[in-house]
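Q: Quick one: this structure, given as structure tokens, is what I'll be asking you about.
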Amino acid sequence: MGFVITHCICFNRSFAELKAVAEKYQCLTVEELQKHVDFGLNCKLCVPYVRQMLATGETEFGIIIEDP
């Protein structure tokens, strides 16, 4: 297996941790989730992954996801 992307590097937050916070506060968007936990504010490379996580529940990604 190749690489697996599992977290926000800048804030060292795993997508599993972010998913738990999203579920606790019923967050549906990146912006809603950012009101409860810091991530995606520096390089922003994790934002498309968090958006995908919120949509699908996935917390590990083996593909590169970029914002359009």
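The values are calculated or read from the model by the stated rules, or taken from the named source; none is laboratory data. The shown structure was predicted, so the numbers you read here are calculated from the model rather than taken from an experiment. Here Cβ is always computed from backbone atoms with ideal geometry, including for glycine, and neighbour counts include all displayed protein chains. Calculation scope for accessible area: heavy atoms of the full protein, side chains included, ligands and nucleic acids excluded. Shrake-Rupley method; radii C 1.70, N 1.55, O 1.52, S 1.80 Å.
Q: Looking only at region 47-54, decide whether some residue is out of contact with any strand residue (DSSP E or B) (no Cβ under 9 Å at 6 or more places or on another chain) and either assigned to a loop (DSSP other than H, G, I, E, B) or without any contact (Cβ under 8 Å) to a residue 12 or more places away in the chain (or both).
A: Checked against the condition, which is being out of contact with any strand residue (DSSP E or B) (no Cβ under 9 Å at 6 or more places or on another chain) and either assigned to a loop (DSSP other than H, G, I, E, B) or without any contact (Cβ under 8 Å) to a residue 12 or more places away in the chain (or both), region 47-54 yields no hits at all.
Q: So which residues in region 1-39 are acidic (D, E) and over 12 Å from R51 (Cα atoms)?
A: E17, E23, D38
Q: Sticking with this one: Would it be correct to say that A16 is open to solvent by 50 Å² or more (accessible area, probe 1.4 Å), touching a Ser or Thr at 6+ places or on another chain (Cβ under 8 Å) and without any contact (Cβ under 8 Å) to a residue 60 or more places away in the chain?
A: In short, yes.
Q: So, of the residues in region 19-51 that are of a type in the set (V, I, T) and in contact with a Leu (Cβ under 8 Å, 6 or more places away or on another chain), which turns out to be surrounded by the most Cβ atoms within 10 Å (Cβ to Cβ)?
A: Result: V50.
Q: Checking the structure you have, find out if any residue of region 58-65 is surrounded by fewer than 17 Cβ atoms within 10 Å (Cβ to Cβ) and in a helix (DSSP H, G or I).
A: No: region 58-65 contains no residue that is surrounded by fewer than 17 Cβ atoms within 10 Å (Cβ to Cβ) and in a helix (DSSP H, G or I).
Residue-wise test of (1) at positive phi; (2) of a type outside the set (S, T, Y); (3) at pLDDT 95 or above.
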| site | (1), (2), (3) |
| --- | --- |
| G2 | no, yes, no |
| S14 | no, no, yes |
| L18 | no, yes, yes |
| K24 | no, yes, yes |
| K44 | yes, yes, no |
| Y49 | no, no, yes |
| G62 | no, yes, no |
| P68 | no, yes, no |
